[in-house]
Structure formats: structure tokens, C-alpha cells
Amino acid sequence: MTTTAERTALYRFFDTEGALLYVGITKSFGQRWLNHSRKKPWWPQVQSHTAEWFKSRPEAEAAEKQAVVAERPLRNVVHKPRPQRAPVPRSTPAPQAQADENADYWTVADIAAHWRVATQTVRAYRSRKRGELPDPDHVYGRTPLWRPATIIGFERPGQGARTDLHDKQTHPTPKESS
């Protein structure tokens with residue numbers, strides 16, 4: 001006989017005041033209750049139980065889910081409805097400042113504004129040195145600067161481009177011996 005066709009019981013545990021502690025299913029009360037007694041800290045509160053038999057495990061599983069949702073036992077975790085959370089207010093992001101195309105030089109922040117990415121993204125492009133950002137036209141102290149025309153004319157690699165691979169040079173064919 002397959003496990004889906006085996007009779008399965010839906011059981012309920014109650015405390016001394018009759019509050020529903022737990023709803024579960026089993027085909028073997030002894031083994032299941034032994035597991036509960038060893039692993040569940042609420043087990044000493046159990047004072048009574050009921051059992052209802054179903055023809056198959058899927059029927060018992062459906063009844064268990066329905067009982068947990070409707071009866072709200074204190075100790076069940078699975079199938080327990082979660083409290084609804086208050087919606088998180090979403091703020092509209094401020095419009096991103098535009099880079100001044102007439103400026104002498106652009107900073108990393110100006111490039112980020114022009115490309116509409118985070119400043120940290122442009123910094124990552126620069127640190128990876130994979131051709132995602134052209135070399136700076138000028139460095140003032142430790143601050144790299146680019147002419148707007150350098151960035152505007154730069155062709156960025158597309159999404160999914162393998163920027164970690166460098167162009168492979170073609171190797172000359174070996175000279176033929178005479």
C-alpha cells in the first residue's frame with residue numbers, strides 16, 4: 001500500500017483550560033508523540049487530545065492546513081497565517097542632477113549623473129580597469145577628471161559584455177623553413 005492511501009489521523013492537543021496548543025497529522029501516534037515529547041518545549045502543557053481519521057494522507061494534510069488557518073493553534077508554525085505588515089511608504093527619488101556638458105572637467109559624480117547610475121558604480125568601473133570607463137584626462141591630487149567630450153564619446157560595453165576578457169592578439173604564423 002502506498003503512503004498516500006494510508007489512513008492518517010488529524011490530532012489536536014489542548015492545555016488544562018482547553019486552549020488549542022497544536023494541530024498535526026500522523027499515522028503512528030506513539031512515534032509522533034514521542035518526537036513531540038523530546039523536541040517541543042510546550043509538550044508539558046498538553047493535557048488532552050482529539051483525533052480524527054482520514055482515508056489518505058493528502059486528505060489529512062488538507063484538513064490540517066484548514067484547521068491551522070481557521071483555529072489558530074498557539075504552537076503551530078507551518079500554515080500559520082502571518083500578520084499583515086503595514087505598507088512601507090515609498091518616497092519618490094529626487095530628480096538626478098544633470099552633468100554640465102559645458103564644464104571643463106567632469107568628476108565621478110558627474111559621470112554617474114550623465115550615465116544615470118550610482119556614483120559607486122562608476123568607482124567600481126574605474127577600479128576594475130576592464131575598459132568600462134576611459135582613463136582620466138587629468139588627475140588633480142588624487143581626484144580623476146574627464147573632459148565631458150571623452151565621456152560623451154565613450155562607447156560603454158553593453159549588459160553582459162565580458163569586460164574581464166582582453167582582446168586576444170593574433171599570433172603570427174611560424175616561419176616556414178627553407
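Here are the numbers for this structure:
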item: Neighbour cut-off at most 14 other Cβ (10 Å), DSSP loop, GluC sites (Glu not before Pro), region 38-102; result: GLU101
item: Non-local Lys pairs in region 1-89, i.e. 8 or more apart or on different chains, that have alpha carbons under 18 Å apart; result: 5
item: Under 11 Å, Cβ to Cβ, from LEU133 - net charge with Lys/Arg +1 and Asp/Glu -1; result: +4
item: Net charge, ALA109 excluded, C-beta distance under 12 Å - Lys, Arg +1, Asp, Glu -1; result: -1
item: Per-residue [θ]222 nm for the chain (sum of -39500 (n - 2.57) over DSSP H runs n ≥ 4, rounded to 500); result: -8000 deg cm²/dmol
item: Size of charge dipole - the chain - debye, nearest 20, with Cβ of Lys, Arg +1 and Asp, Glu -1, no other charges; result: 920 debye
item: Charge sum, other residues only, whose C-beta stays under 12 Å from VAL122's C-beta, Lys/Arg counted +1 and Asp/Glu -1; result: +3
item: Exposed trypsin sites (Lys or Arg not before Pro) absent - longest run of the chain, DSSP non-H/G/I/E/B, at most 12 other C-beta within 10 Å; result: 1-54
item: Relative contact order computed over the chain (Cα-Cα under 8 Å; 6+ residues apart), in percent; result: 16 percent
item: Which of TYR11, ALA103, SER48, positive extreme of dipole for the chain (C-beta unit charges); result: SER48
item: Magnitude of the charge dipole, region 1-72, Cβ model with Lys/Arg +1 and Asp/Glu -1, debye to 20; result: 280 debye
item: Which labelled figure in (1) 1.20; (2) 0.99; (3) 1.43 is Rg/Rh (Cα atoms, Kirkwood Rh), once derived from the coordinates; result: (3)
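FYI, it's all coordinate maths here, none of it is from the lab. Keep in mind that this is a model prediction, so the values were computed, not measured. As a convention, Cβ positions derive from the backbone with ideal geometry for all residues, glycine included, and neighbour counts pool all protein chains shown.
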